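The values are calculated or read from the model by the stated rules, or taken from the named source; none is laboratory data. It should be emphasised that the depicted structure is a prediction, and the values quoted were computed from it without experimental measurement. Glycine also receives a Cβ, built like all others from the backbone with ideal geometry; neighbour counts cover every protein chain displayed.
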């Protein structure tokens, strides 16, 4: 499951959450701050709800197990929800969205993350980039997949600017003194701004409530950093809510209605210079189609890290079909 | 219930959704495009899910009834969800948030609205300003209440600029030809931009999926306009998901954890010029405290409309304690 989740991110074009992260997960396992074979414990079970404890296991594995447990509950109750505490960064939310949609369910997913954003008006890192995701099956060959962080931009964009020695636009981040900055290095020491100011703050808070407060996980600044805190667990919390379409509407009717909406959106008049209107999830599906045909691009750095880990763990490094 | 919902909006400082709307609701009732005594019909009931038809009744009344029906279901199942089709503009989402929080539940609420925003890259009105709301009980004397439209700004701000003959900032709206505009009149004929570009578009689409597609209500441009389409129903859809905290965590522990988060946020270092960091819901609670003490401000225009309606309906106009 762990490998599948990482590769799924690369396949769908979210390389930032794919194999490039393998090294840090292995590092954390070796240091004992991730327990790879941890059980997923049911703390509470009420009708359609599961309160789960991941036992400091791998986020991808425990979140996938939680989703697998929710599916029969949602089928029975029409709706089912789970919180997971004591977990880790669980990779790309898109992975769980794809799984739920493949089985015909609507999923809403959120997760806490290590601190990066301040509340509106502040400048101390408090919230993570707290993503909200939702996926909906369609008859288009791909699910509609909403998947967004509540930050102005992903931290990855600031890191990319730093590597290119470029400036970042004002409005992306604040420096450690709380002043607007165009210097990516200062931004990385400071805070990322929430999307749309107070609206992003409100959404980040909503995610924190569901994922961190309600789950019993660490909240805000108490969440451990994957890269910086190698001596302690992250205690990340996740939240899933799964809906069985058949409880609301005939699934065939839902599909017809969703497809008609997609057609109407894509057929909508375009602004000057816009070639195509995409629906959320379409680009991800196109990436997957391309990558499944020609192979997943893996950076030289990631390949080198994988070889080093194979040597360190006395595992033969044997990948077939690696291109340039 | 209808009057209560309107007054609740005024009390909490959301005058745009309060008594100022009474006139248009009455107008629509008189024209037969709202059925004030419509039944709320259960189309499907599965475990924790209700699929409801509002029979073209008043949005505020039918949505409140839907919420009242969900409460025992959420208590039994831990989580319960409802869609409502064939409804109208249901006023301020804040009203339902307050009700759920008063009874100790977490509510997530969404609703479709008449078309105002284009998908990212387009310029035809498709989505409404599709709000997302969520409320969480706390021990602070007010619930945390996330309540935001997925548009850059509320249409009300553009109307206000038009009345003041002021310009609006670039980035708020497009004119009818799809060009950025600072002219509020052109903006009102065109489209309001989504908040944070493609992110707001994705969230608006999520709201449309839950509220309109899944409910079986009208979708996108098919939703009737409250003010412009006086000859036909709106067919708005709503979506509620209600969570019983006790299914996840001891409610007292939830309250302690939520309060600790609020304290940490409010105690966070402030940016230059910021006097206080507010949590979402705090301003609304302060408005309510003030308005309950000194009375709700009602505009001369709204008062005059109410007097005219009283005359038209042969009802005595008798309000006590009206100030200047």
Selected residue (only one of A:240, A:254 is closer than 21 Å to residue A:137 by Cα and in a strand (DSSP E or B)) = A:240
Which one of these is within 30 Å of residue B:80 (Cβ to Cβ), away from every other protein chain (no Cβ under 11 Å) and surrounded by fewer than 17 Cβ atoms within 10 Å (Cβ to Cβ): A:293, A:289, A:260, A:252?
-> A:252
Read through the list (1) in a loop (DSSP other than H, G, I, E, B); (2) more than 9 Å from chain B (Cβ to nearest Cβ), then give the number of the only condition that residue A:216 fails.
-> (2)
Considering the range B:229-249, residues that are within 7 Å of chain A (Cβ to nearest Cβ) and under 20 Å from the mean Cα position of the chain (by Cα), and then whichever is nearest to residue B:207 (Cα to Cα), we arrive at B:241
What about residue B:103, is it buried (at least 20 other Cβ atoms within 10 Å of the Cβ), assigned by TED's automatic domain parsing to the domain that holds residue B:302 and in contact with a helix residue (DSSP H, G or I) (Cβ under 7 Å, 6 or more places away or on another chain)?
-> no
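Okay, residues lined up against (1) more than 18 Å from the chain's Cα centre (by Cα); (2) more than 23 Å from residue B:271 (Cβ to Cβ); (3) part of a strand (DSSP E or B); (4) in the same structural domain as residue A:76 (by TED's automatic domain parsing):
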residue: A:109; (1), (2), (3), (4): no, yes, yes, yes
residue: A:113; (1), (2), (3), (4): no, no, no, yes
residue: A:120; (1), (2), (3), (4): yes, no, no, yes
residue: A:134; (1), (2), (3), (4): no, yes, yes, yes
residue: A:177; (1), (2), (3), (4): yes, no, no, no
residue: A:185; (1), (2), (3), (4): yes, no, no, no
residue: A:203; (1), (2), (3), (4): no, no, no, yes
residue: A:210; (1), (2), (3), (4): no, yes, no, yes
Of all residues in the range B:189-209, which are more than 10 Å from chain A (Cβ to nearest Cβ), under 13 Å from residue B:151 (Cβ atoms) and free of Cβ contacts under 8 Å to residues at least 24 places away in the same chain?
-> none
Among the candidates A:48, A:55, A:18, A:91, which residue alone is closer than 17 Å to residue A:241 by Cα and either assigned by TED's automatic domain parsing to the domain that holds residue A:304 or touching a residue at least 60 places away in the same chain (Cβ under 8 Å) (or both)?
-> A:48
Has the range B:314-324 got at least one residue that is facing chain A (nearest Cβ under 10 Å), within 24 Å of residue B:11 (Cα to Cα) and outside any helix (DSSP H, G or I)?
-> no
Does residue B:80 qualify as being at pLDDT below 95 and within 13 Å of chain A (Cβ to nearest Cβ)?
-> no
Residue list for the range A:263-284, filter: assigned to a helix (DSSP H, G or I), more than 9 Å from chain B (Cβ to nearest Cβ) and either crowded, with 18+ Cβ neighbours inside 10 Å or free of Cβ contacts under 8 Å to residues at least 24 places away in the same chain (or both) | A:263, A:282, A:284
Within the range B:164-179, is there a residue that is touching a residue at least 12 places away in the same chain (Cβ under 8 Å), under 20 Å from residue B:236 (Cβ atoms) and touching a helix residue (DSSP H, G or I) at 6+ places or on another chain (Cβ under 7 Å)?
-> no
